[in-house]
Amino acid sequence: MKPSEFIKMYTLFDSLVEDLKYNEVEKQLKLTLELCQWKQSFYVETEPEMQLGILIFSDVTFYKTEPQLFNLDSSEILEVDLLPCDGEDECIKMVLNGLDDVIVLSIQSNEVEWKEIKTEDGQ
């Protein structure tokens, strides 16, 4: 789905970023997240409150972090905004609470997908 559709459907605030990998050849950015399930409109109380998964941005045409070097350690998502963008792609800015500083991710992409990671207990 388009990034704008994704951020309308999912609430990322307070979710935790565990890992970030950018593949320049495949033009793909993968964010491993612990998503706050309980903040989602589709949450069912019998489900776990947090869900581990991967947020995959495809066809990434621009990607930048400020600062360039940072440490992720369950960095909390403070803000997610859709930014004006040239062309068909959409731009998203994510602000994370890092260990020593605030991390800003800027991503220009035209496709984003959420994939849950099933744990050993089936959750």
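The values are calculated or read from the model by the stated rules, or taken from the named source; none is laboratory data. Predicted model, so just to flag it, every value in this text is computed and none were measured. Heads up, the Cβs are rebuilt from the backbone with ideal geometry, glycines too, and the neighbour counts pull from every protein chain shown. Surface accessibility is based on the protein's heavy atoms, side chains included, excluding ligands, DNA and RNA. Shrake-Rupley method; radii C 1.70, N 1.55, O 1.52, S 1.80 Å.
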Quick check: at a probe of 1.4 Å, how many percent of the accessible area of the range 1-58 sits on carbon and sulfur atoms? 52 percent
How much length is gained if the chain between Thr32 and Lys115 is pulled fully straight, taking 0.36 nm per residue apart and subtracting their Cα-Cα distance, in nm to one decimal? 28.9 nm
Suppose R0 equals 35 Å. What FRET efficiency, 1/(1 + (r/R0)^6) with r the Cβ-Cβ distance, do Lys2 and Leu52 give to the nearest 0.05? 0.90
Correct option for P(r) over Cα pairs in 10 Å bins from 0, in percent [calculated from the coordinates] among [x] 16, 54, 30, 1; [y] 12, 32, 20, 13, 9, 7, 5, 2, 0; [z] 13, 46, 33, 8, 0: [z]
Exposure rank, largest accessible area first [Ser109, Ser41, Ser4; 1.4 Å]: Ser41, Ser4, Ser109
Among the Cys residues of the chain, which have no other cysteine Cβ under 4.7 angstrom away? Cys36
Calculate, for the range 3-116, the solvent-accessible area per residue in square angstrom, rolling a 1.4 angstrom probe over the heavy atoms of the protein chains. 57 Å²
